[in-house]
Amino acid sequence: MKYSVSLLLVLCVVWLSWSGHFTPLLLGLGLASCLLVVLISRRMRIVDREGTPLELAARAPLYAPWLVWQVFKANVDVARRILSPSLPISPRVIRVKTSQRSDLARVIYANSITLTPGTVSLTLEGDVIEVHALTREAAEELESGKMDRRVTRTEGRD
């Protein structure tokens, strides 16, 4: 039930922020549409821990600034390599093991890799992500497991 209530609250907040209308009729219709979505979602049995990740949402504000910093640093590195052809690139495909329990957290990890310039997640099968890295340093950074540990911590496993 707590996942249904949290889904309803999130839908209402999103609806309010996107609509910007606060007349009684529109507020009532917005609430009715949010309730209808929750009821349909419950009937489809898609309202669960992974569909409404309360724990993950609570820890995401701690992970996001770190990820933004990693993206910034990788942008600078890739830009330097583009502007200075003497800096080496050594493209490679590596496989990194994930330590996350949920599919959602593994997808967050794979997307974080892709968001970071110089690396792209190619496949995610089970607990292994195949990654194309532009440089040896980018591959080593991923193989060190720092990003994996951060996502695992965000998932709620320390």
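If the reach is capped at under 27 angstrom between alpha carbons, list the lysines near residue 146, excluding any in the same chain fewer than eight residues apart. Counting by Cα, and skipping residues close in sequence, residue 146 has these lysines nearby: 73, 97. If the segment from residue 43 to residue 97 were pulled out straight at 0.36 nm per residue, it would be longer than the present Cα-Cα gap by 15.9 nm. Its Cα centre serving as origin, the chain has a Cβ charge dipole (Lys and Arg +1, Asp and Glu -1) of approximately 180 debye. At an R0 of 22 angstrom, the distance between the Cβ atoms of residue 144 and residue 115 translates into a FRET efficiency of 0.80. Where only DSSP H runs of four or more residues are counted, the chain gives -21000 deg cm²/dmol as its mean residue ellipticity at 222 nm, each run worth -39500 (n - 2.57). The packing ranking, built from the mean of other Cβ atoms within 10 Å per residue, places the peptides 37-44, 93-100 in the order 93-100, 37-44, highest first. Computed over the range 1-157, relative contact order equals 23 percent, with contacts defined as Cα pairs under 8 Å that lie 6+ residues apart.
Extension gain, residue 26 to residue 79, is 14.3 nm, computed as 0.36 nm per intervening residue step minus the present C-alpha separation. Between the listed residues 111, 82, 10, the Cα displaced farthest toward the positive end of the dipole of the chain, a dipole computed from Cβ unit charges relative to the Cα centre, is found at 10. For percent of Cα pairs over 29 Å apart, several values are listed as [x] 37; [y] 28; [z] 11; flag the one computed from this structure. Checking each listed value against the structure points to [x]. Fully extending the segment from residue 71 to residue 128, taken as 0.36 nm per residue of separation minus the present Cα-Cα distance, adds 18.3 nm.
Every number here is computed from the coordinates shown, using simple stated rules; none is lab data. The structure displayed is predicted, hence computed values, not measured ones. Cβ sites come from the backbone with ideal geometry, for glycine too, and all protein chains shown count toward neighbours.
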